[in-house]
Amino acid sequence: MEFGKYFKMYRKQAGLTQTEVAEKLHIKQSNISDWEKNISRPCYEYLIELAKIYDVSLYDLLGLDEATFR
């Protein structure tokens, strides 16, 4: 699945740059870029932090329908 488009969409909706998100996570900006381009994927801990930063659920962040998992 291509999660990167959701990472980018929610980052932009939050009004943040890749650099700002990277600073909040204490990682390199290139990691954020790679996630958004589907080159790599964040670990669970970073997924949770991204959802908090963007103020969205993990389901939304991953582009998943929550009802599918009930």
When only Cα pairs under 8 Å and 6 or more residues apart are kept, what is the percent relative contact order across the chain?
37 percent
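Rounded, prolate or oblate: which one fits the stretch 4-53, using the alpha carbon gyration tensor with axes a ≥ b ≥ c (rounded when a/c is under 1.5, else prolate when a/b beats b/c, else oblate)?
Values: a/c = 1.17, a/b = 1.06, b/c = 1.09.
It is rounded, given that a/c, with a ≥ b ≥ c, falls under 1.5.
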Surface per residue (accessible, 1.4 Å probe) for the chain, Å²
69 Å²
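So which trypsin sites (Lys or Arg not before Pro) in the stretch 25-56 are both in a DSSP loop and have at most 13 other Cβ atoms within 10 Å of their Cβ? Numbers along the way, then the final one.
Values: sites: Lys28, Lys37, Lys52; in loops: Lys28, Lys37.
Here the trypsin sites (Lys or Arg not before Pro) that fit, given the DSSP loop and packing criteria, are Lys28, Lys37.
The values are calculated or read from the model by the stated rules, or taken from the named source; none is laboratory data. Nothing here was measured: the structure is a model prediction, and the numbers come from that model. Virtual Cβ from ideal backbone geometry, glycine too; neighbours counted across all protein chains shown. The area values use the complete protein model at the heavy-atom level, side chains included, leaving out ligands, DNA and RNA. Shrake-Rupley method; radii C 1.70, N 1.55, O 1.52, S 1.80 Å.
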